[in-house]
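The values are calculated or read from the model by the stated rules, or taken from the named source; none is laboratory data. Predicted, not measured: the structure shown is a model, and the values here were computed from it. Don't worry about glycine lacking a Cβ; one is built from the backbone with ideal geometry, like all the others, and counts go over all protein chains shown. Remember, those area values only see protein heavy atoms, side chains included, never the ligands or the DNA or RNA. Shrake-Rupley method; radii C 1.70, N 1.55, O 1.52, S 1.80 Å.
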Amino acid sequence: MEHLWALCSAVPTSTPARPTLVRAVKRAAKRRRIPAEALAERTVPRHGLGPDGALRMAPPGTGAEWINSWTDTLITLGADGRVTLTWLDAADGPVPTRTPFPLSRHYGKPGLADSITIARNVARRIEATADDETRRLTDPAMTTRSWGRMGPVLPRPPHYRHRHSPSDLGVPLAR
């Protein structure tokens, strides 16, 4: 299971094999009776972000992680959950932008429309995932759970060690 999770996090979201891999992970988790919360925690898409929360998209030969772009951009996910798209090769220097990721004057040139669209779409997907994860983790049902090595641990029902009267349990007494 650990190998499947590692593979699932390493395969980019845009890869055609990704849906098949996600289905395989879900089937394996179901067979091993892994709770849905633990599965959701382990299968969050990374979108190519590095450990520092950054993804650089640039032309080939620049040493960037993502080379499917003819613009030089840096997408970062901050600690506050906000996504910043920085246009690094703008004529007026690096231009950091937030949603809806507006362009500087430099990007009015023809021929870059596809690269601009790709950068914006990747940033929007990262932002949507971050919003979904924030919503999932701040859900009131999640705050009552403790977290173990494999994910959330569900609370155990209370065990009564002493005898309760029916009125203590909410059962009306017969008259």
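A few points about this structure:
- Cα coordinate range in region 1-120, projected on the principal axes (Å, largest first): 55, 29, 23
- Gyration tensor verdict on region 10-55 (Cα atoms; rounded if a/c is under 1.5, prolate if a/b is larger than b/c, oblate otherwise): oblate
- Accessible area in square angstrom per residue, region 6-80, 1.4 angstrom probe: 60 Å²
- Modelled this way, with points 7 Å down the Cα-to-C-beta line, the labels at residue 11 and residue 125 are 1.4 nm from one another.
- Accessible surface for residue 34 stands near 40 Å², nearest 10, in the context of the full protein assembly shown (1.4 Å probe).
- Ordering 22, 48, 81 by Cα displacement along the dipole of region 1-124 toward the positive end leaves 22 in first place; charges were set at the Cβ atoms of Lys, Arg (+1) and Asp, Glu (-1).
- If R0 is 41 Å, the Cβ-Cβ spacing of residue 82 and residue 24 corresponds to a FRET efficiency of close to 0.80.
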